[in-house]
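The block underneath contains the structure these notes are about, expressed in structure tokens.
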């Protein structure tokens, strides 16, 4: 029983060490939970898509509600042009959501509590959105940094701010998810430690907190997945429909 | 606010716990680059597979299911709409028929009533005529009887009184004198006998 609340985030090798050149790509507990989350997603949605009845059963209803939920989210934020990217955003939302939710089970590993994972996702989104923007609008995409209706005097400052805010998107996107997950899990671990150290006499208060925190963290797990997906939609909206 | 409070608690805990200090040597495992490449590799692999399977196999099925259900529901709604319109038409027809038949029955009733009334009137008229005739006949008879009655009464009165006198006095009395008296009395009170 590790008392250190950070040990839960430790990555360790499962099975043999695999190396490609100088790179270690061994299968780890993080990889395991990525695979588990993905398999769970595929299982649920495969079952949900399998047979089509006029009156859907529970699992089909779940799959279809998720589908319409993400579909509505995309069309609300990014419009009808974002339709080709639906599958990507759906996968992203489900992947983050399931990784977060699997992390809520005690003694599991939370994939999204690692900055490298969220950063790779965010960087991929950032690069992809930028490429889409340049393909759709050419160099006109740079107009994104020049908001309309700004006095000429302020323009250089605004442009610099806009560029900084644009470039910091992958960082804010990845750090938001990573920090939320890490903070939540650390907090839960700390309160769990309090329960043990205060014993049967004083342990009830942190235990109550722990229960409440579990509820809160489940909410946060959903919310952060939603925020991650909706911010992706917003960035995509910037690239597809140049408003400025 | 709550979060801030919790963070402070965590830091306090980290700060005061000796065990933590003992294990803290590595700091955040997230910042240890040992498994970064592995994580990137597996993330790309797993997420790529997930994306491909979802986008190529599963999502089109769900979308098709939803589309199918939508179109089926639309069809059903259209069919229901058509049936509703049909039933409305039928209802209108029915109402028309009912209205027409009501009017017809009313006409029929009126006609029959008029006919019956006419019949009754005719019959009543004939009956009244017959009754009038009968009454007239009876009246003429009564008149005749009225005219003939006083003479007979007078005659009876004369005979009766002459009989009574003969019995009382024992002598025959001249009928002419009695009839003169009776005539005189009749002329005086004749009206009274018949009540008019």
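Some notes on this structure:
- All positions within region A:172-196 that are surrounded by fewer than 15 Cβ atoms within 10 Å (Cβ to Cβ) and in contact (Cβ under 8 Å) with a residue 60 or more places away in the chain: A:196
- Here B:172, B:133, B:159 are screened, and the one residue that is in a helix (DSSP H, G or I), exposed (fewer than 12 other Cβ atoms within 10 Å of the Cβ) and at negative phi is B:133.
Let's see how each residue does on (1) in a helix (DSSP H, G or I); (2) modelled with pLDDT of 55 or more; (3) more than 7 Å from chain A (Cβ to nearest Cβ):
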| residue | (1), (2), (3) |
| --- | --- |
| B:11 | yes, yes, yes |
| B:24 | yes, no, no |
| B:36 | yes, yes, no |
| B:51 | yes, yes, no |
| B:54 | yes, yes, no |
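- For region A:189-205, filtering for residues that are more than 10 Å from chain B (Cβ to nearest Cβ) and in a helix (DSSP H, G or I) leaves 10.
- Boolean, residue A:105 is closer than 26 Å to residue A:184 by Cβ and in a loop (DSSP other than H, G, I, E, B): yes
- Residue in region B:79-92 that is within 7 Å of another protein chain (Cβ to nearest Cβ) and either part of a helix (DSSP H, G or I) or surrounded by fewer than 10 Cβ atoms within 10 Å (Cβ to Cβ) (or both) present: no
- Count of residues meeting criterion [more than 19 Å from residue A:106 (Cα to Cα) and either surrounded by 16 or more Cβ atoms within 10 Å (Cβ to Cβ) or touching a residue at least 40 places away in the same chain (Cβ under 8 Å) (or both)] in region A:18-37: 4
- Number of positions in region A:70-118 that are over 19 Å from residue A:235 (Cα atoms) and away from every other protein chain (no Cβ under 14 Å): 7
- Test: residue B:123 is in contact (Cβ under 8 Å) with a residue 24 or more places away in the chain, surrounded by 10 or more Cβ atoms within 10 Å (Cβ to Cβ) and more than 14 Å from chain A (Cβ to nearest Cβ): no
- Residue A:93 meets the conditions (1) closer than 18 Å to residue A:227 by Cβ; (2) outside any helix (DSSP H, G or I) in every case but one. The failed one is (2).
- Within region A:37-50, tally of residues that are facing another protein chain (nearest Cβ under 9 Å) and either more than 18 Å from residue A:92 (Cβ to Cβ) or touching a strand residue (DSSP E or B) at 6+ places or on another chain (Cβ under 6 Å) (or both): 4
- Selection count, region A:134-171, where residues are within 22 Å of the chain's Cα centre (by Cα) and touching a residue at least 60 places away in the same chain (Cβ under 8 Å): 1
- Residue match in region A:98-105 (condition: under 29 Å from residue A:6 (Cα atoms) and without any contact (Cβ under 8 Å) to a residue 12 or more places away in the chain): yes
- The set of residues from region A:1-36 being more than 8 Å from every other protein chain (Cβ to nearest Cβ) and assigned to a helix (DSSP H, G or I) comprises A:8, A:29, A:32, A:33, A:36.
- Filtered residue count, region A:189-214, keeping only those that are closer than 20 Å to residue A:103 by Cβ and at pLDDT below 85: 0
The values are calculated or read from the model by the stated rules, or taken from the named source; none is laboratory data. Note that this is a predicted model, so its numbers are computed, not measured. Note: ideal-geometry Cβ built from the backbone for every residue, glycine included; neighbour counts use all protein chains shown.
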